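The values are calculated or read from the model by the stated rules, or taken from the named source; none is laboratory data. Keep in mind that what you see is a predicted model, and the values were worked out from it rather than measured. Cβ placement follows ideal geometry from the backbone for every residue including glycine, while neighbour counts extend to all protein chains displayed.
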Amino acid sequence: MNHWELERFLDTLLESTKFSDYSPNGLQVEGCSEVQRVVVGVTASQALIDETVRRKADALIVHHGFFWKGESPRVVGYRRRRLATLLGHNLNLFAYHLPLDAHPELGNNTQWAVTMGWRTLGRFGQQELGCWGEPALPCRLAELADALAFKLQRRPLVIGDEKREIRRIAWCSGGAQGYIEAALTLGVDAYLSGEISEQTPHVARENNLAYLSCGHHATERFGPRALAERLQQALGLDCEFVDCPNPA
């Protein structure tokens, strides 16, 4: 498959033109023209790029790519090393940031809910990235934390009374702790995201809201994994999700 054809397929599938994003979505670094083997992952780190080379893939598709707003444009240090590896092995790099958070079927937030067995009732936040709904059954906050620890293989940081009953929740993957005030307007018992800031516990406690920080990387593996499966099914590409562990 030609790399431009793959980009058009991904742009259409993920509706990338709908989003105002912090980095360019689509083909970020051009490599070989024909793509047969693809690796999909969370972040275009040196470790994932090296693993893509080791697996003899033609393309790497990630959630976190290159060229972020406000970032230095200089190609030095680790940026040079990453690009040198990509260009030296004729690898294509595709990146889809917000489109892979918000997609109604393959997105991180939808797939997080599917994994946990949550019922999604609506969306909220900037560009409707977040979701709200219900756990499969009402539960205590401690039980919700245990379920997340099992599914994510990472114990969340919990703010709130662990005996509290949880009936309605809101969630948004990654660095979405800033959506906590939007979550408050939904009348939820708990808000879940990937990260936590200094002010987050104060806002949660002062508004009687439970907050769970579940890991940026841990909550953004769902979309890339689902995308890899879809590409395999829809295009017949040799496509696999590769997870490079990240404690953040």
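Here are a few things to note about the model shown:
- Taking the stretch 135-248 and the helices (runs of 4 or more DSSP H) fully enclosed by it, the elements with 1 or more residues that are more than 16 Å from the chain's Cα centre (by Cα) and closer than 30 Å to Val38 by Cα are at 141-152, 222-235.
- Close pairs (7 angstrom Cβ cut-off, 6 or more residues apart or separate chains): in contact (Cβ under 8 Å) with a residue 60 or more places away in the chain in the stretch 189-210, outside any loop (DSSP other than H, G, I, E, B) and crowded, with 19+ Cβ neighbours inside 10 Å anywhere: Ala210/Leu141; Ala210/Ile159; Ala210/Ile166; Ala210/Ala190; Ala210/Ala204
- Screening Gly178 on (1) closer than 22 Å to Pro247 by Cβ; (2) surrounded by 19 or more Cβ atoms within 10 Å (Cβ to Cβ) shows it passes everything except condition (2).
- The set of residues from the stretch 70-105 being over 24 Å from the mean Cα position of the chain (by Cα) and surrounded by 16 or more Cβ atoms within 10 Å (Cβ to Cβ) comprises just one member, His89.
- Meets criteria (surrounded by fewer than 19 Cβ atoms within 10 Å (Cβ to Cβ), out of contact with any Cys (no Cβ under 8 Å at 6 or more places or on another chain) and in the same structural domain as Arg168 (by TED's automatic domain parsing)) for Asn246: no
- Among the residues of the stretch 8-42, those identified as part of a strand (DSSP E or B) and of a type in the set (Val, Ile, Thr) are Val29, Val38, Val39, Val40, Val42.
- Qualifying residue in the stretch 36-54 (condition: in contact (Cβ under 8 Å) with a residue 60 or more places away in the chain, among the aliphatic types (A, V, I, L, M), surrounded by 13 or more Cβ atoms within 10 Å (Cβ to Cβ) and over 19 Å from Glu220 (Cβ atoms)): no
- Just one of the listed residues (Ala190, Ala204) is assigned by TED's automatic domain parsing to the domain that holds Ala113, of a type in the set (Gly, Ala, Ser) and farther than 24 Å from Gly107 by Cβ, namely Ala204.
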